[in-house]
Amino acid sequence: MSLRGGMVALRSRMMPSLKLQDLIEEIRGAKTQAQEREVIQKECAQIRASFRDGDPLQRHRQLAKLLYVHMLGYPAHFGQMECLKLIASPRFTDKRVGYLGAMLLLDERHDAHLLITNSIKNDLSQGIQAVQGLALCTLSAMGSAEMCRDLATEVEKLLLQPSPYVRKKAVLAAVHMIRKDPELSNIFLPPCAKLLRERHHGILLGTITLIMELCERSPAALRHFRKVVPQLVQILRTLVTTGYSTEHSISGVSDPFLQVQILRLLRILARNHEESSETMNDLLAQVATNTDTSRNAGNAVLLETVLTIMDIHSAAGLRVLAVNILGRFLLNNDKNIRYVALTSLLRLVQSDHSAVQRHRSTVVECLQETDASLSRRALELSLALVNSSNVRAMMRELQAFLESCPPDLRADCASGILLAAERFAPSKRWHIDTILHVLTTAGTYVRDDAVANLPQLIGEAQELHAYSVRRLYSALAEDISQQPLAQVAAWCIGEYGDLLLEGNCEETEPLQVEEEEVLALLEKVLQSHLSLPATRAYALTALMKLSTRLPGGNNRIRQVVSIYGSCVDIELQQRAVEYNMLFQKYDHMRPLSSWICSISWMTLLSMLSTFLLSILPPGKPWSTSWTFPVHLQPLLPSLVSECSSVKASDWT
């Protein structure tokens, strides 16, 4: 030991040791964190010195102070072995502090916890109830799987002890053992049937918890305990009708904790079992109709009843009753009860869709909740309630909510609306209108795949091309900051921009658009600092497409495209260079391209098929040696690639 260390140890021995109460007062009186650390460091030095001295009369007092220091977050690992010494002591005051220290300082990660196995085994075999209780509590708190296997026999014996205090502790220890090692299930099966006949509240509650653990981890135990369903039904019926004991009643509800545990156990036992479900149907109806809902304890029992009804093979009328109970929960002033009701209805909507639909208006009203968790649950349930018969009404409500919902819900709401519209759209025009509304309202919160889905939808609806391009042009002219909207609008203008100039569309308001206005709008999108690189790529491609549809603006388009040939964005630069090459090398093909764009693909396919059949010899494969007009040869591979089964790679 160094000189300085020896001096510190000597000084700590000379200083008087504080009592626990004095230590607490001194720590609380510290004005700064540094003062608190100084007090604790001095006292820890005193505790270490006392442990080295080995005074058995002071050991439990020093360990008690160390445990307080540990609860403040300071290291106390040097007291682990002292816990073992105190547990082995014959004095109850030592055992009490030793077991408390073992629960706080030891766990499965420390090998030292295995050293107390023999001490616990000896204490369990003693007839002193207080000592047995300490040992059982410690085993329940930090017993490892190995300890549980070694002490399972002793705990089983204590389950049938005359003392209710010891039996209650033993049941809780058995629950911990089953969780640590499910293979111990067979040991605890026989005592459970006897413990169910107990009148002691703690023992009965612990026994039901133990049976639940056994049934969830062992199929054999599940089959075994299905025989006691009538007994559990009788216990619950007694609770509902005559009560258990007044000391365990809460707000007029007879022992709600025991009722809830019995209902959970019945749900486990009757799941996928017709006979058990029929046995408890009448009781569940009785609990659902007779429980007081004016108190929170009654609502807890009702919720477990509803969950049990929905999990078993219950009658149809009983399931409707359960959904109606959840509907009443939605009208409760307590936000927690409303949240639980929304969560439960969301679980039931797939199996009992029609019953939940009756509460659709109440669910929609919950969208306006100021609590974010409530409005999120209401949104999820509202989207789950959408079907082909109510899609128009529900979409109106959801779109109204989208306009005012918090930003953290906007992305989920937009995605839900788009998915519902895709599944239940009554018409293509309604579908397009819905997506356009989401694009203009949600803006950047719209997911990326919506940008790809809408062009596909518009492309498949030829009769709505003019309507769609006018709607998108007007929306883009009003706001170019919404990137998904700008991308879809740029694509649509590039494909069907010529329809903007053909006059009014019967399905929209009159819109007079000049060629210069269309090009100016796309240039505005290109130049905007709000535009993403992907949006600029859409706009640049749209301008290139318009060079064949709006021949009057070719010079302006050529200038814009040439500017982006030196863009710092590699993708835009590559597109601009390729488009410039089209202007330079293939400009002579522009009249033919304009003609092709002016006719439908079906017409083009028919014409091309007729031409190919006229020049192909019967029964002979395609050959590139056949002559074809020279000025059309560069265009033919792309036409064949689009309109026939002949691959473009077959051309030279």
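The values are calculated or read from the model by the stated rules, or taken from the named source; none is laboratory data. Note that the coordinates shown come from a computational prediction; the quantities given were computed from them, not determined experimentally. In this analysis, Cβ positions are derived from the backbone assuming ideal geometry, glycine residues included, and neighbour counts consider all displayed protein chains.
Tell me yes or no: at least one residue of region 52-74 is modelled with pLDDT of 90 or more, surrounded by fewer than 16 Cβ atoms within 10 Å (Cβ to Cβ) and either more than 48 Å from the chain's Cα centre (by Cα) or farther than 24 Å from residue 137 by Cα (or both).
Looking through region 52-74, at least one residue is modelled with pLDDT of 90 or more, surrounded by fewer than 16 Cβ atoms within 10 Å (Cβ to Cβ) and either more than 48 Å from the chain's Cα centre (by Cα) or farther than 24 Å from residue 137 by Cα (or both).
Tally up the residues in region 530-539 that are within 17 Å of residue 472 (Cα to Cα) and either part of a helix (DSSP H, G or I) or in contact with a Lys or Arg (Cβ under 6 Å, 6 or more places away or on another chain) (or both), please.
Residues flagged as within 17 Å of residue 472 (Cα to Cα) and either part of a helix (DSSP H, G or I) or in contact with a Lys or Arg (Cβ under 6 Å, 6 or more places away or on another chain) (or both) within region 530-539 amount to 4.
Are there any pairs with C-beta distances below 7 angstrom linking a residue in region 30-58 that is part of a helix (DSSP H, G or I) to a residue that is surrounded by 13 or more Cβ atoms within 10 Å (Cβ to Cβ) and of a type in the set (Phe, Trp, Tyr), with the two at least 6 apart or on different chains, and if so which?
The qualifying pairs are 40/74; 48/78.
Within the set of pairs 6 or more residues apart or between chains, which connect a residue that is more than 14 Å from residue 433 (Cβ to Cβ) and in contact (Cβ under 8 Å) with a residue 24 or more places away in the chain inside region 451-463 to a residue that is of a type in the set (Val, Ile, Thr) and part of a helix (DSSP H, G or I) with Cβ atoms less than 6 Å apart?
451/488
Name the residue, out of 376, 410, 429, 396, that is free of Cβ contacts under 8 Å to residues at least 60 places away in the same chain, surrounded by fewer than 18 Cβ atoms within 10 Å (Cβ to Cβ) and part of a helix (DSSP H, G or I).
That would be 396, the only listed residue that is free of Cβ contacts under 8 Å to residues at least 60 places away in the same chain, surrounded by fewer than 18 Cβ atoms within 10 Å (Cβ to Cβ) and part of a helix (DSSP H, G or I).
Please enumerate the residues belonging to region 497-529 that are assigned to a loop (DSSP other than H, G, I, E, B) and either on the phi > 0 side of the Ramachandran plot or at pLDDT 80 or above (or both).
Residues satisfying the conditions are 503, 514, 528, 529.
Do you know which residues across region 157-179 are charged (D, E, K, R) and over 13 Å from residue 139 (Cβ atoms)?
Of everything in region 157-179, those that are charged (D, E, K, R) and over 13 Å from residue 139 (Cβ atoms) turn out to be 157, 167, 168.
Criterion first (in contact with a Lys or Arg (Cβ under 9 Å, 6 or more places away or on another chain) and either closer than 18 Å to residue 175 by Cβ or of a type in the set (Ser, Thr, Tyr) (or both)) does residue 293 satisfy it?
The answer is yes for residue 293.
Test of understanding: among 282, 311, 352, 334, which residue is over 30 Å from the mean Cα position of the chain (by Cα) and among the charged types (D, E, K, R)?
So the residue among 282, 311, 352, 334 that is over 30 Å from the mean Cα position of the chain (by Cα) and among the charged types (D, E, K, R) is 282.
Please enumerate the residues belonging to region 199-246 that are among the charged types (D, E, K, R) and touching a residue at least 12 places away in the same chain (Cβ under 8 Å).
213, 216, 217, 226, 237
Could you list, in sequence order, all residues of region 348-372 that are surrounded by fewer than 13 Cβ atoms within 10 Å (Cβ to Cβ) and in a helix (DSSP H, G or I)?
Listed by number, the residues that qualify are 353, 354, 361, 372.
Being of a type in the set (Val, Ile, Thr) and modelled with pLDDT of 90 or more, is that true of even one residue in region 246-257?
no
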